[in-house]
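Worksheet: the structure to be examined is printed underneath.
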Amino acid sequence: MGEGLYGMNSAQRSGIGMTSQRTRERLAARLGDAGIANVHVLNVIRQLPRHRFVDEALASRAYEDTALPIGCGQTISQPFVVARMTEILLAAGFPERVLEIGTGSGYQAAVLAALSGRVYTIERIRELHDRSRGIFRELGFENIWQRFGDGFAGWPSAGPFDAIILTAAPNEVPAVLLDQLNEGGRLLAPVGDADSQALRLYIRENGEVRSQIVEAVHFVPMLEGIE
């Protein structure tokens, strides 16, 4: 996969010092050493300017493998987590239509947009929705559709989806989201309460949905309503 998939040229990806291309190369190498095997995912991590998705004051830490605050009580996920979840979704191939519940900083949506046909992403916090919209526009993404609203309802008019990803943890995955999953599609979500969460993969096959636990995780809770 190449830079043309998300419309960025070298000037838009550029940074200096701790935001330079060299730091992105080092991050991708660390993720590979940590077990991320999908070369397409690593290539996107290598090219995508994560520092553009965080506050300027934190830009020098953007390529550390750690979560960082983005305001509104939310964080940009650890790069390993983004890469791991993307890798799992792509195990069945490159999806044409992806739904993301929880835009947040926009970084996960941007990674997915580089590896799929269209990404539809929903955010319940207006400030984050507006901020990520500006970042997508600045970076030249043309295959990301955004909605400000309650992720529990999904986006029925844009479905069915080949892949659905939740970036916050519900106690149970809403049935309405599983209903929007295409045949052969994969839904990946952290599920559980604050004390016990697991990353679960749901796959629709022959009209039925089966699920499996991938690994233990810790995400912020998925909330209803808008702010």
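The values are calculated or read from the model by the stated rules, or taken from the named source; none is laboratory data. Just so it is clear, the structure is predicted and the values come from calculations on it, not from any experiment. Glycine also receives a Cβ, built like all others from the backbone with ideal geometry; neighbour counts cover every protein chain displayed.
Specify the residue that is farthest from ALA189 (Cα to Cα); the eligible residues are those in region 145-165 that are in contact with a strand residue (DSSP E or B) (Cβ under 6 Å, 6 or more places away or on another chain) and assigned to a helix (DSSP H, G or I).
Only one residue fits best here, namely ALA158.
Could you list, in sequence order, all residues of region 192-227 that are of a type in the set (Asp, Glu) and under 15 Å from ILE165 (Cα atoms)?
First, pick out the residues of region 192-227 that are of a type in the set (Asp, Glu): 193, 195, 205, 208, 215, 224, 227.
If the condition is that a residue be of a type in the set (Asp, Glu) and under 15 Å from ILE165 (Cα atoms), then no residue fits.
Any chance you could count how many residues in region 96-137 are assigned to a helix (DSSP H, G or I), over 20 Å from PRO170 (Cβ atoms) and within 11 Å of the chain's Cα centre (by Cα)?
So the first thing to find is which residues in region 96-137 are assigned to a helix (DSSP H, G or I), and the list is 107-113, 126-137.
Then drop every residue that is not over 20 Å from PRO170 (Cβ atoms), which leaves 107, 110-111, 113, 126-127, 130-137.
Now narrow it down to the ones that are within 11 Å of the chain's Cα centre (by Cα): 107, 110-111, 113.
Result for region 96-137: 4.
Each row is one residue, and each column tells you yes or no for (1) among the charged types (D, E, K, R); (2) crowded, with 16+ Cβ neighbours inside 10 Å; (3) under 24 Å from ALA169 (Cβ atoms).
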residue: VAL41; (1), (2), (3): no, yes, yes
residue: ARG46; (1), (2), (3): yes, yes, no
residue: ALA62; (1), (2), (3): no, yes, no
residue: VAL81; (1), (2), (3): no, yes, yes
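From the list GLU183, GLU142, GLU172, which one is of a type in the set (Asp, Glu) and part of a strand (DSSP E or B)?
Only one candidate passes the filter, namely GLU183.
Output the residues belonging to region 10-36 that are at pLDDT below 65 and within 21 Å of the chain's Cα centre (by Cα).
Across region 10-36, the qualifying residues are GLN12, ARG13.
Within the group ASP162, ASP130, ASP150, which residue is charged (D, E, K, R) and farther than 30 Å from ASN43 by Cβ? Please lay out each step first, then the result.
On the way: ASP162 fails: farther than 30 Å from ASN43 by Cβ; ASP130 fails: farther than 30 Å from ASN43 by Cβ.
That would be ASP150, the only listed residue that is charged (D, E, K, R) and farther than 30 Å from ASN43 by Cβ.
May I ask you to list the residues in region 150-183 that are among the small types (Gly, Ala, Ser), farther than 12 Å from ARG97 by Cβ and in contact with a helix residue (DSSP H, G or I) (Cβ under 9 Å, 6 or more places away or on another chain)?
GLY151, ALA153, GLY154, ALA168
Quick check on my filter: what residues within region 56-74 are at pLDDT 95 or above and among the hydroxyl-bearing types (Ser, Thr, Tyr)?
Residues satisfying the conditions are TYR63, THR66.
Inside region 36-58, can you point out the residues that are part of a loop (DSSP other than H, G, I, E, B) and without any contact (Cβ under 8 Å) to a residue 24 or more places away in the chain? Step through it out loud before you land on a result.
Narrowing region 36-58 to residues part of a loop (DSSP other than H, G, I, E, B): 36-38, 48-49, 54-55.
Result: ASP55, single match.
Filter region 136-164 for residues that are surrounded by fewer than 19 Cβ atoms within 10 Å (Cβ to Cβ) and farther than 26 Å from GLU56 by Cα and give the result.
Within region 136-164, GLY149, ASP150, PHE152, ALA153, PRO156, SER157, ALA158, GLY159, PRO160 qualify.
Condition test on ARG133, is it farther than 23 Å from ASN182 by Cα, among the basic types (Lys, Arg) and either buried (at least 24 other Cβ atoms within 10 Å of the Cβ) or free of Cβ contacts under 8 Å to residues at least 40 places away in the same chain (or both)?
Numbers: farther than 23 Å from ASN182 by Cα: yes; among the basic types (Lys, Arg): yes; either buried (at least 24 other Cβ atoms within 10 Å of the Cβ) or free of Cβ contacts under 8 Å to residues at least 40 places away in the same chain (or both): yes.
Taking the combined requirement at face value, the residue satisfies it.
Filter region 59-93 for residues that are in a loop (DSSP other than H, G, I, E, B), in contact (Cβ under 8 Å) with a residue 60 or more places away in the chain and closer than 26 Å to LEU181 by Cβ and give the result.
Hit for region 59-93 is SER77, nothing else.
Which residues, counting only those in region 138-173, are within 16 Å of the chain's Cα centre (by Cα), under 18 Å from ARG124 (Cα atoms) and of a type in the set (A, V, I, L, M)?
Within region 138-173, ILE144, ILE164, ILE165, LEU166, ALA168, ALA169 qualify.
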